[in-house]
Amino acid sequence: MRRFTKITTLVTITIMSYFSGFAGTLSQELAEQVKVARQSDKIEVLILVKSSQTPFELRKELTSRYKTNAERHRVGIDRLRTESARSQKDLLELLSGYEASGLSRNTKGHWLINGITTEIAVSKLESLVRHPDVKSIQTTPKIESIRPKKPEKTVSSLSLNLSTGVQPNLEVIGAPQAWAQGLTGKGTVVCSFDTGVDGLHPALFDNWKGHDGDSSAAWYDPFGKQPFPHFLPEAGETLYDHGTHVIGIMTGRDDFTGDTIGVAPDAKWISAAVIGLPYASVIDAFEWAADPDGDPNSFDDVPDVINHSWGVINKIAGCNDYFWELIDNTEALGIINIFAVGNEGSLPQTIANPANRANDSLDCFAVGAFNHMTSSDNKIVSYSSRGPSDCDDISIKPNVVAPGISIVSSVPGGAYDSKTGTSMAAPHVSGAVAILRQYAPNSTPAEIKEALLASCTPYPEAALSPNNDYGWGLIDIPAAIDYLTPTFDSDLRVSYFDGSLAGPGETAVGDLAVTNAGHIVYNVTGNVTGWDEGLSVLTPTIYFGDIDSGQVVAGNIQFQASVDDTVSEGRILSVSMTLTGDSDYSKAVKIFIRVGEIDEFGSPGFFTHQTGAISFTVSDFGQYGFGPNSFFPLGKSGFSFNGSNNHLFEAAFLIGNDADHISDGARNFAEDPDNDFAVKKEGEMVISEPGQTADQETVSIYNDSFAENRLGLEIRQKTYSWDSYPDNDFI
């Protein structure tokens, strides 16, 4: 069954007079096709559905709320799948009815783009486009590889003598300098959408991700459905070797001979064989690449970058937005997209779609071809497509350039070939992305692309850059690494005090540890500057030594403070300490001690739920967040998901009826917990494993008797957690 039409004009207009008064719109191409079609004819279309959240809003939420790409990926996929299921429900039911009546076929809902693909009778388009959930309807474009220019004769690796040195295209972008720092792409995954790959090629075989045991998460073959990567003769005589050559530029290396042709020779690769084939869907390829193993909770299968050495010729597609939502949502999930600009130069405004998109300097990151082999000042390859973007007639394109002439890489049959074109330039940048992601694993796509852009060598000279030939210039991997290096200030914090529980008349004794969230601080010392009434500090000074970024260092002696026997149980007392270091570094911090007797569970009023994916410590005094690097680090778990580090800095119960009457356990302006809550007599935490309702339960009762302006509250707190799906990922 056909999955793509041969119609390729894709200009979208705001409103069509052909069908007036619709909730949605038709693309101009589809409207023209409808005019000459019979009512019974079926046309393959993409129905875009209205969403409650834009890709920009999703990306903003994920990058601001979650610190790791694994978290952004997991939450982002959940958001997208939930939104598509909700918003497509009525339309899918309608189309199912059409299908039962023979009026549509091959209907499929998608989640990475909020849309539905279907082949539908022309007679139903009018009612369909009037549906209130429909945003627009358009035909699906034909995707093709950007054909290389003047391929040269295939040669063996021995005649190229690859192992005697690094290829000049790799030297000019600084790849060997990155390798010397240990940055080879190790631990990253690169992906291509192309014409298949010869997985048996000695420069590619060892780095295929499918050797990890899940071939379907490393090779997408909707046409042949074979489990092992192979090139596709169906792509044509000049394109069958395109995908093998592109992957080689990203990550090619023969571990037996030492021949290195790839920018990131230790990166793993995966690929989708979907380009140049009439039955393949690029939407399906994007959805596969966004979550190759189908499990959003796993992340080592997810590519860091997708290389797109394909496009729709500008004069055919113009500035159609067909691909934009796919690209934006992929990048919201943490995956970077790199595009070849096309080989339609040297006239202006010849960049292929979607590389011609230009909302800003970073989206649809487009790569032109640079001639690294000429001594001429004019180093842009003549046929490399040029800007500006025809989307606004102003924006600079390409974004960057990379070597794109006489590039030696792998071709089917274990051989090597020298090819020329922007298809060869783009994978240089994709390989550079893998190196940068190894260096900064949780960097966002915008941060990676900004680093590449800002560190370029400008051409023809700085005063004339950026421009519509070279963009911002030739990529420089070592300079991009330097740009990506964090410049944050030193930031010392108390990580934990493991003796922070003591009863009245007892001494709190334990290791005090400090962590650094910034640049290294040398010769760190902690000096006590004060403490609450009811405490006596016995260790006025502690030495921590040098503390590098990310390190957690315990002091040279244990910290000790005695609690007066008149202090009530349940109180939290604080010690003020100043951390000092070389270069006049100084920061005030707090150490907290909770007063209470140790019970059979090892601490007063705490329980850590540990079921399913979550570890979370609760208390019976209205405070939460007691893990390493929390505001109140008691050496407990705070909150972690799937074995991650503690993600909860501070949480507290708070209730009030006006500005002067608020009872809470949160910090006050003096940076001390208000500690307004006390456990009611006989209201101590009771723990049940299992309980009547859940696998783990607690119940406790506390009141606001410690509050300065009491509300007379009595709070009964119950907590529950479960071991089994689907209730094992919340408390």
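Where a number appears in this text, it was derived from the coordinates with a stated rule and is not lab data. What you see is a predicted model, and the numbers here were worked out from it, not measured in a lab. Backbone-built Cβ (ideal geometry, glycine too); neighbour counts: all protein chains shown.
So for region 155-484, Kirkwood radius off the Cα pairs, Stokes-Einstein at 25 °C and 0.890 mPa s: how many µm² s⁻¹?
Working: Rh = 19.1 Å.
So the translational diffusion coefficient is about 129 µm²/s.
Would you calculate a helix-derived [θ] at 222 nm for the chain, using -39,500 (n - 2.57) for each DSSP H run of n ≥ 4 and dividing by the full residue count, to the nearest 500?
Value at 222 nm, helices only, nearest 500: -5500 deg cm²/dmol.
Pop the C-beta distance of Lys108 and Asp300 into the FRET formula with R0 = 35 Å and round what comes out to the nearest 0.05.
Numbers: r = 28 Å, r/R0 = 0.80.
E between Lys108 and Asp300, to the nearest 0.05, is 0.80.
Would you mind ranking Cys391, Cys364 so that the residue whose beta carbon has the fewest other beta carbons within 10 Å leads the list? Walk me through the numbers before you get to the answer.
Details: Cys391 21, Cys364 27.
Placing the least packed residue first, the sequence is Cys391, Cys364.
Of the listed pairs Lys135/Lys397; Lys587/Lys636; Lys50/Lys209; Lys397/Lys419; Lys42/Lys449; Lys67/Lys587, which have alpha-carbon separations greater than 32 Å here?
On the way: Lys135/Lys397 29 Å; Lys587/Lys636 24 Å; Lys50/Lys209 36 Å; Lys397/Lys419 23 Å; Lys42/Lys449 42 Å; Lys67/Lys587 24 Å.
Cα-Cα > 32 Å for Lys50/Lys209; Lys42/Lys449; rest within.
Could you work out the Rg to Rh ratio of region 169-246, with Rh taken as the Kirkwood radius (inverse of the mean 1/r over all Cα pairs)?
A ratio of 1.03.
Residues of region 704-719 with amide nitrogen under 20 Å from the 7 Å Cα-to-Cβ point of His661?
Hits in region 704-719 for His661 at 20 Å: 704-716.
In the chain, what cysteines have no partner Cβ closer than 4.7 Å?
Here Cys191, Cys364, Cys456 come out as lacking a disulfide-compatible partner, given the Cβ-Cβ threshold of under 4.7 Å.
Using a Debye calculation, one point per C-alpha and no hydration shell, please list log10 I(q)/I(0) for the chain at q = 0.10, 0.12 Å⁻¹ in order.
Once normalised to I(0) and log-transformed, intensities are -1.02, -1.21.
Which is farthest toward the positive dipole end of the chain among Leu648, Val189, Pro354, measuring Cα position about the Cα centre, with Cβ charges +1 (Lys, Arg) and -1 (Asp, Glu)?
Pro354
Among DSSP beta bridges lying fully in the chain, give the percent that are antiparallel, nearest 5.
Antiparallel: roughly 75 percent of the beta bridges in the chain.
Report the full-extension gain for the segment Tyr725 to Ser52: residue separation times 0.36 nm, less the Cα-Cα distance, to one decimal in nm.
Stretched fully, the Tyr725-Ser52 segment lengthens by 239.5 nm.
Quick one: P(r) of region 441-511 from all Cα-Cα pairs, 5 Å bins, percents rounded to integers, in order of increasing distance.
3, 14, 14, 12, 10, 7, 6, 5, 6, 6, 5, 5, 4, 3, 2, 0
Quick check: convex hull of the Cα atoms in region 25-140, volume per residue, rounded to a whole Å³?
Each residue corresponds to 99 Å³ of Cα convex hull volume.
Which aspartates and glutamates, if any, have their Cα less than 18 Å from the Cα of Lys680, not counting same-chain residues under 8 positions apart?
Straight-line reach from Lys680, under 18 Å: Glu569, Glu597, Asp599, Asp620, Asp664, Asp704, Glu708, Glu714.
Calculate, for Asp78 and Ser586, the FRET efficiency according to 1/(1 + (r/R0)^6) with r their C-beta to C-beta distance and R0 41 Å; round to the nearest 0.05.
Approximately 0.40, to the nearest 0.05.
Suppose every Lys and Arg Cβ carries +1 and every Asp and Glu Cβ carries -1, with no other charges. What dipole size does region 487-597 come out with about its Cα centre, to the nearest 20 debye?
140
Assuming R0 = 45 Å, what is the FRET efficiency of His211 and Gln610, from their Cβ-Cβ distance, to the nearest 0.05?
0.85
Report the Cα centroid-to-centroid distance between region 545-579 and region 378-449 in angstrom, as an integer.
53
Could you tell me how many cubic angstrom of Cα convex hull volume region 289-389 has per residue?
Looking at region 289-389, the number lands at 116 Å³ per residue.
Let me know the volume per residue of the alpha-carbon convex hull for region 487-597, in Å³.
82
Would you list Met685, Met577 from fewest to most Cβ contacts within 10 Å? Walk me through the intermediate numbers first.
Details: Met685 22, Met577 25.
Final ranking by Cβ density, sparse to dense: Met685, Met577.
Considering only DSSP beta bridges with both partners in region 155-484, what is the antiparallel share in %, to the nearest 5?
35
Compute, for region 25-140, the length of the dipole vector about the Cα centre, with Cβ point charges of +1 (Lys, Arg) and -1 (Asp, Glu) only. Units Debye, rounded to 20.
That gives a dipole near 460 debye.
Neighbour counts of other C-beta atoms within 10 Å: give me Lys587, Lys397 arranged from fewest to most. Mind dumping the intermediate values first?
On the way: Lys587 16, Lys397 28.
Arranged by neighbour count, lowest to highest, Lys587, Lys397 become Lys587, Lys397.
Using a basic spin-label model with each label point 7 Å from the Cα along Cα→Cβ, how many nm lie between Glu461 and Thr257?
4.4
Inverting the mean 1/r over all pairs of different Cα atoms, compute the Kirkwood radius of region 405-558 and quote it in Å.
Values: mean 1/r = 0.0488 Å⁻¹.
The answer is 20.5 Å.
Between Thr693 and Lys718, what length comes free when the chain is fully extended (0.36 nm per residue of separation minus the Cα-Cα distance, one decimal in nm)?
7.9 nm is the gain from fully extending Thr693 to Lys718.
Given charges of +1 on the Cβ of Lys and Arg and -1 on the Cβ of Asp and Glu, with all other atoms neutral, how large is the dipole of region 388-494 about its Cα centre, in debye to the nearest 20?
Rounded to the nearest 20 debye, it is 400 debye.
Which of the aspartates and glutamates could be linked to Lys35 by a straight reach, that is with a Cα gap under 14 Å, when you skip same-chain ones fewer than 8 residues away?
Glu126
For region 473-579, which chymotrypsin sites (Phe, Trp or Tyr not before Pro) pass both filters: DSSP loop (anything but H, G, I, E, B) and at most 14 other C-beta atoms within 10 Å?
Numbers: sites: Tyr483, Phe488, Tyr496, Phe497, Tyr522, Trp531, Tyr543, Phe544, Phe559; in loops: Phe488.
In loop regions of region 473-579 (DSSP not H, G, I, E or B), the sparsely surrounded chymotrypsin sites (Phe, Trp or Tyr not before Pro) are Phe488.
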